[in-house]
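Each value in this text was obtained by applying a stated rule to the coordinates, not by laboratory testing. What you see is a predicted model, and the numbers here were worked out from it, not measured in a lab. With ideal geometry, Cβ positions are generated from the backbone for all residues, glycine too; neighbour counts draw on all protein chains shown.
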Amino acid sequence: MDRRTFNLGLGATAAALGLPRAATAREYQGPNVILVRFGGGVRRVETIGETTTYAPYLRHELTRRGVFIPDMRIAQLDGVDTSHAEGTLNLLTGRYLAYRDAGSQFLLDRLEPTEPTLFEYLREAYDIPAHRALLINGEDRPQEEFFTYGVNEHYGIAYRSEMLSLHRFKLYKNAAILAEGTVGDAALEAARREYADLMAADPRAITPDQSPDVTGFWQRWRAHYGDDGLRNPRGDRLLTALAIRAMKELQPRLMMVNYQDPDYVHWGNPSHYTRAIQVIDEGLQRLVETVEADPFYAGNTIFVISPDCGRDDNPLMGVPFQHHFNTASAHETWAVIFGPGIERGKILDKPVDQSAIAPTIAALMGFRARSAEGDVLSEIMT
Amino acid sequence: MSTVTARGGVLALPGRLIGLVRDLVVGMLLCLSPLTSLIALGWLTRVMGATIARRTGAEPPTVGWILGPRGQGWVTRALGGLAANIRSGVLTALGLAILTLPFTLAWLGAWWAGWENSFNKGYEQASVGPLVWMIATAAALPILAHLPFALAHFAAQRRLGAFFEVGQIRQNFAAAGWRAVWLALLSALAVVPFFGLRGLPVFVEGIVPGFADMTPEDQLQVARGFALFGAGLAFGTMLFLRQRAAAIYARARLRPDPPARLARWLWLILAMALWLALPVAIVFGQFLNYDPLIWLTHPLILLPWAG
């Protein structure tokens, strides 16, 4: 059975059965979790270096609030690559190589998870609607638009997360323009073409409609920022804006924010890297302040912050961290975890594998990530 | 250090081989830094001039690395070659820079501004960077096609103004006929190893086992090895290409009647198409291993320094 046939069958089954898992799943009472991908690809020296950091809020403030893991590592295994989609799926599934090719092209990797993601485990265990299990994605990594569900036989589309991104907004906007029919023929044709292109970018057999709650979110976003895309925040600041607005309007229980802009250093300008780290640091501060000011989140939210991968540390290059080509340094990351139930001011001073993140989040939220390979970091919990 | 003449057959074969090895070693060492590569550039231009003189029936000058000609005083004898190389190198670099910096600076600016704009998501001016790069490249191609002829003309005339005698240079290019395209093809092929050289350090951990665990001193040794290889490649390739350019230029000067207009345009278009390999390779090389200086100088168009 090929992937599309499998997905179609799974979708049809889920639809026919009326998504029965919601009837049996329990109400969720645990903490909220915000997983921040400090992507795309950062070295320790510019992020957690005591005196060399470009993320002072993270390094000097957040590390004190919880457990600081300075030596997280991506395992050196055959086939394990240090890149963004791979690292993101490692964080979401707790398992290496838990993905397969879904039509990659030159310079455009396209993977899909083959094991359940945290969102699927969570929604299988608890009665949580899709719009409260959220992925926030940037515009430069369309490859990660489609991690909302995997192709595992027991999970998949019925337990998917929702995605907030410009890609999704444009899908909503173009569908709305076409439905309203109030613009001229040229604009209608442009909307039809862009909508078709966006749908074609999804390699999966089924592209689930956005839920009514998310559609309402985009309706309000459009009313605020308009259609032209020139008024909303841009780059990684957009992700912060989406995440904060989502916390106010959708109240996600589990949310992953996929920051990415440090990866601009691939084109050679080192200041893009350091400035992007600063932008993420500011974003973290805004997210934390939003949580502290919101009664729904205050005192009941755990932050897990970790990069998708490290970067090269190549003394033979003018920009030693230009890439992350599976070098030793690209396997070196870190993590900062804080919130209720987490030790304060602790440094976990031992090598920790990246695959530990997913099962640890699962344990904190009260479910088990069955397919995860990593260990639960029980020593960080109070 | 002794001097050699560019005249073939003066020295016996073993002596010429020893001379060639010595020239390659000295040239390679000088090409390790941009500053000292000026001396190598000057020497290459003087050797070009000697080749053109020999092939056009004139008396070729003696070209040495350090020693000057005999009979003009001991200072000239002791350091005349070095002084001539420095003078020639500075003038060659100046002439080449005047011809190439207008578009290489535009490449540098277009790259920087384009990605700066992309980083800031400046959708409103997204086309500026690519447009500037394409215009600069369109302006560069006819200059690049004629550049070896301009250089050869300067080497023959030994006047800075010779770089800008457009009519004469175009006439020599036209008279060279298909050989101008051949020279462009050789240049385009020479682009490939320099592109590879940019990429080599990126994959050093795959090339040199245990590199990541080496001490900084050991890593420095590896870096020196890469630099030496690059310098050798730069000098050796330029020696070959400049000698080809000199030979083709000399032949063109002796040709009484230039080819028909249609053929001249055809050769020019083909040469320009081949020279497109240079900006394309520079762009992809920057994607692999960025260095802002590499926009401004490439062994084929300015200093024989590989970065």
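Go through the range A:198-265 and name the trypsin sites (Lys or Arg not before Pro) that are in a DSSP coil and have 14 or fewer other Cβ atoms within 10 Å of their Cβ. Hits after loop and neighbour filter: A:Arg231. Near the amide H of A:Gly150, within less than 5 Å, lie the amide hydrogens of A:Thr117, A:Gly156, all on another chain or at least 5 residues away, with H placed in the peptide plane. Normalised by the number of residues in the range A:295-361, the mean separation of alpha-carbon contacts (under 8 Å, six or more apart) gives a relative contact order of 34 percent. Of the residues B:Lys121, A:Lys173, the one with the fewest other Cβ atoms within 10 Å heads the list, and the complete ranking is B:Lys121, A:Lys173. Electrostatic bookkeeping for A:Glu373 treats Lys and Arg as +1 and Asp and Glu as -1; over the other residues with beta carbon under 10 Å from its beta carbon, the sum is -2. Ranked by the mean number of other Cβ atoms within 10 Å of their residues, highest first, the peptides B:47-56, B:17-26 come out as B:47-56, B:17-26. Within a straight-line Cα-Cα reach of under 12 Å, A:Lys346 can be paired with the following aspartates and glutamates, leaving aside sequence neighbours fewer than 8 residues apart in one chain: A:Glu379. Per DSSP H run of at least 4 residues, take -39500 (n - 2.57); add these up for the protein assembly as shown, divide by its residues and hand me the 222 nm value, nearest 500 deg cm²/dmol. Here the helix-only value at 222 nm equals -17000 deg cm²/dmol. Towards the positive end of the charge dipole of chain A, with charges on Cβ (+1 Lys, Arg; -1 Asp, Glu), say which of A:Pro212, A:Met163, A:Tyr54 has the farthest Cα. Of the candidates, A:Pro212 comes out farthest on the positive side.
Computed over the range A:224-382, the quotient of the alpha carbon radius of gyration and 2.2 N^0.38 Å is 1.17. Let a ≥ b ≥ c be the square roots of the eigenvalues of the Cα gyration tensor of chain B; is it rounded (a/c under 1.5), or, if not, prolate (a/b larger than b/c) or oblate? Oblate, since a/c reaches 1.5 and b/c is not below a/b. If you run the Gaussian network model on chain A, springs between alpha carbon atoms under 10 Å, then out of A:Met255, A:Met365, A:Met199 the most flexible one is A:Met199. Dividing the Cα radius of gyration of the range A:99-254 by 2.2 N^0.38 Å, with N the residue count, gives 1.06. In terms of its C-alpha gyration tensor, the range B:144-183 comes out prolate, because a/c is 1.5 or above and the ratio a/b outweighs b/c. The mean number of partner chain beta-carbon atoms within 10 angstrom of a residue's beta-carbon across peptide B:219-228 is 1. Taking amide H as placed 1.01 Å from N in the peptide plane, the amide H of A:Trp334 sits under 5 Å from that of A:Met72, each at least 5 places away or on another chain. For the residues A:Leu242, A:Leu198, A:Leu107, a GNM of chain A with alpha-carbon springs under 10 Å puts the largest fluctuation on A:Leu107. List the residues, sorted by chain then number, that are 5 or more residues from A:Leu164 or on another chain and whose placed amide H is less than 5 Å from its amide H. Under 5 Å from the amide H of A:Leu164: A:Leu135, A:Ile136, A:Asn137. For the protein assembly as shown, build the charge dipole from Cβ charges (+1 Lys, Arg; -1 Asp, Glu) around the Cα centre, then report which of B:Gly80, A:Pro320, B:Gln286 sits farthest towards its positive end. Final value for the positive-end residue is B:Gly80.
For the range A:115-231, relative contact order (Cα pairs under 8 Å, six or more residues apart, normalised by length) works out to 24 percent. From most to least packed by mean Cβ count within 10 Å, the peptides A:72-80, A:356-364, B:235-243 give A:356-364, B:235-243, A:72-80. Candidate membrane-span-like segments in chain B, meaning DSSP H helices with Cα atoms spread over at least 27 Å of their own axis and a Kyte-Doolittle mean of -0.5 or above, are B:34-55, B:74-119, B:128-157, B:178-199, B:216-254, with no membrane implied. Decide, for the range B:174-307, between rounded, prolate and oblate: order the square roots of the alpha carbon gyration tensor eigenvalues as a ≥ b ≥ c, take rounded if a/c falls under 1.5, and otherwise choose prolate if a/b is larger than b/c, else oblate. Judged from the Cα gyration tensor, the range B:174-307 comes out prolate (a/c at least 1.5, a/b above b/c). Lysines near A:Lys248 by alpha-carbon distance under 23 Å, same-chain residues fewer than 8 away left out - which ones? The reachable lysines, counting only those whose Cα sits under 23 Å from A:Lys248, are A:Lys170, A:Lys173. The distance linking the range A:343-382 with the range A:27-45 is 12 Å (Cα centroid to Cα centroid, whole angstrom). Relative to the Cα centre, the charge distribution of the range A:82-185, modelled as +1 at Lys and Arg Cβ and -1 at Asp and Glu Cβ, gives a dipole magnitude of about 140 debye.
Extending 7 Å from Cα along the Cβ direction at A:Asp209 and again at A:Gln29 yields two label points whose distance is 3.5 nm. Cα centroids of the range A:180-205 and the range A:103-173: 21 Å apart. Look at B:Trp275, B:Trp295 and count the other Cβ atoms within 10 Å of each Cβ; fewest to most, that gives B:Trp295, B:Trp275. Between A:His60, A:His224, A:His84, the residue with the greatest mean-square fluctuation in the GNM of chain A (Cα pairs under 10 Å linked by springs) is A:His224.
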